[in-house]
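Q: There's a structure below that I have some questions on.
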Amino acid sequence: MKITILGAGNMGGAIACGLAVNGSAQPQDITVIDHKGKNVPRLREVSEDINVVVADYSSLSTADILIIAVKPWMVEEVLKTHKALLENPKQLIVSVAAVVTLAQLQEWTSPHQPVFRVVPNTAIAVRQSMTYIASQNADKEQREQVFRIFSQLGKVEFVEEKLIPAITSLTSCGIAFAFRYIRAAMEGGIEMGVYPDQAKDAVLQTLRGAIDLLEANGNHPEAEIDKVTTAGGITIKGLNEMEHAGFTSAVIKGLKASNIK
Ligand SMILES: NC(=O)C1=CN([C@@H]2O[C@H](COP(=O)(O)OP(=O)(O)OC[C@H]3O[C@@H](n4cnc5c(N)ncnc54)[C@H](O)[C@@H]3O)[C@@H](O)[C@H]2O)C=CC1
Ligand SMILES: O=C(O)[C@@H]1CCC=N1
């Protein structure tokens, strides 16, 4: 199965590396096209067998799966510019471009082309993405093919397209929100006299513990909070202070601001 990835940036590069490193695709079956050469050395370091090409679009016509990983506003242009090479009606067109819809992908390819809208996040670089997929004109086997690719790179779920903007906010943008929490907690720790590296370790292991607990027992987070907050104790003082400063409201507002339909 030949996979061409258009765009060797954060997403395209991470997908190529992830697939090559874990052996889910033969590196020689992966071609990465970028119109600039700056990312080539980084990809070559991961695997010398991946075909990394600069502005050579010939593999578009032979790929079984085309993964489009350019900026959203460039998707229409690249698909239209290279339309003559995209004539295989069975080729799976997979776009990771946020805000590009299935209807647009259909319009810019052909009316019966199997098209996929995929929402990963940057943790795809360490094969820990939460990836959501919506598709149109794809049969069960084609959906399974795309599912298999992304399940090598983290957790995958199929969703209806109408959920994609909210899911994008929670996961693709959400990873940045999680980093911001980590940074804020580190800064608090540093102000209290903890060294930065130690503060980072403390926050990361605490978050890991929180995730493992919720996954192990399936509880609602509030049930776990209840186990921590001793009546009259110190945790509730901290939580209430955070809420006075608008913590929950700030998170919800941020998520909604990123929920672009
Ligand atoms: N960065 C993120 O967290 C996420 C990004 N996405 C989507 O992934 C897509 C790519 O984003 P990034 O990888 O972050 O961007 P990026 O800017 O890192 O990578 C885009 C790459 O495409 C290349 N490119 C541009 N035009 C080209 C052309 N005509 N032919 C070949 N290559 C071309 C650029 O040189 C660049 O290397 C975007 O559509 C974005 O919405 C989706 C989810 C998360
Ligand atoms: O900020 C953005 O627009 C892109 C899409 C989701 C994550 N990064």
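Q: Give the residues of the range 33-66 that are in contact with a helix residue (DSSP H, G or I) (Cβ under 6 Å, 6 or more places away or on another chain) and under 17 Å from residue 92 (Cβ atoms), sorted by residue number.
A: 60, 61
Q: OK, next. Yes or no: the range 110-118 includes at least one residue that is at pLDDT below 95 and under 30 Å from residue 208 (Cα atoms).
A: no
Q: A further question follows. Can you name the condition, by its number, that residue 261 falls short on among (1) at pLDDT below 95; (2) in contact with a strand residue (DSSP E or B) (Cβ under 8 Å, 6 or more places away or on another chain)?
A: (2) is the only condition that residue 261 fails.
Q: Keeping to the range 21-39, report how many residues are buried (at least 16 other Cβ atoms within 10 Å of the Cβ) and assigned to a helix (DSSP H, G or I).
A: Of the residues in that region, 2 qualify.
Q: For residue 235, work out the one condition from (1) assigned by TED's automatic domain parsing to the domain that holds residue 127; (2) farther than 29 Å from residue 125 by Cβ it doesn't fulfil.
A: Single failed check for residue 235: (1).
Q: If you scan the range 99-149, which residues turn out to be within 12 Å of the chain's Cα centre (by Cα), within 19 Å of residue 4 (Cα to Cα) and among the small types (Gly, Ala, Ser)?
A: 125, the sole residue that qualifies.
Q: Further question on the same structure: Looking at (1) more than 23 Å from the chain's Cα centre (by Cα); (2) in a helix (DSSP H, G or I); (3) surrounded by fewer than 10 Cβ atoms within 10 Å (Cβ to Cβ), which is the one condition that is false for residue 230?
A: (2)
Q: Also, quick follow-up: Residues that are in contact with a Gly (Cβ under 8 Å, 6 or more places away or on another chain), at least 2 per element: which strands (runs of 3 or more DSSP E) completely within the range 102-183 meet that? Can you show your working first?
A: Details: elements: 115-119, 129-136, 154-158.
Once the strands (runs of 3 or more DSSP E) in the range 102-183 are filtered for at least 2 residues that are in contact with a Gly (Cβ under 8 Å, 6 or more places away or on another chain), what remains is 129-136.
Q: Which count do you get for residues in the range 40-50 that are buried (at least 19 other Cβ atoms within 10 Å of the Cβ) and over 24 Å from residue 130 (Cα atoms)? First the steps, then the outcome.
A: First, the residues of the range 40-50 that are buried (at least 19 other Cβ atoms within 10 Å of the Cβ): 43, 50.
Remaining after also requiring over 24 Å from residue 130 (Cα atoms): 50.
Qualifying residue count for the region: 1.
Q: Okay, moving on. Residue 75 versus (1) under 19 Å from residue 133 (Cβ atoms); (2) surrounded by fewer than 17 Cβ atoms within 10 Å (Cβ to Cβ); (3) not aromatic (Phe, Trp, Tyr): which is the lone unmet condition?
A: Evaluating residue 75 over (1) under 19 Å from residue 133 (Cβ atoms); (2) surrounded by fewer than 17 Cβ atoms within 10 Å (Cβ to Cβ); (3) not aromatic (Phe, Trp, Tyr) leaves (2) as the failure.
Q: Can you tell me how many residues within the range 98-108 are surrounded by fewer than 22 Cβ atoms within 10 Å (Cβ to Cβ) and either away from ligand 2 (no atom under 12 Å from the Cβ) or within 18 Å of residue 143 (Cα to Cα) (or both)?
A: The qualifying residues number 7.
Q: I want to confirm something. Restricting to the range 164-219 and keeping residues that are of a type in the set (Phe, Trp, Tyr) and within 16 Å of ligand 1 (Cβ to nearest atom), which single residue is surrounded by the most Cβ atoms within 10 Å (Cβ to Cβ)? Quick ask: steps written out before the conclusion?
A: At the first step, the residues of the range 164-219 found to be of a type in the set (Phe, Trp, Tyr) are 177, 179, 181, 195.
Filter once more, so that each one left must be within 16 Å of ligand 1 (Cβ to nearest atom): 177, 179.
Values: 177: 16, 179: 11.
Restricting to residues being of a type in the set (Phe, Trp, Tyr) and within 16 Å of ligand 1 (Cβ to nearest atom), the top hit is 177.
Q: Something else about it: Name the one entry in 70, 78, 99 that is within 8 Å of ligand 1 (Cβ to nearest atom), on the phi > 0 side of the Ramachandran plot and outside any strand (DSSP E or B).
A: Working: 70 fails: on the phi > 0 side of the Ramachandran plot; 78 fails: on the phi > 0 side of the Ramachandran plot.
After applying the criteria, what remains is 99.
The values are calculated or read from the model by the stated rules, or taken from the named source; none is laboratory data. Bear in mind the structure is a predicted one, so any value in this text is a computation, not a measurement. Cβ sites come from the backbone with ideal geometry, for glycine too, and all protein chains shown count toward neighbours.
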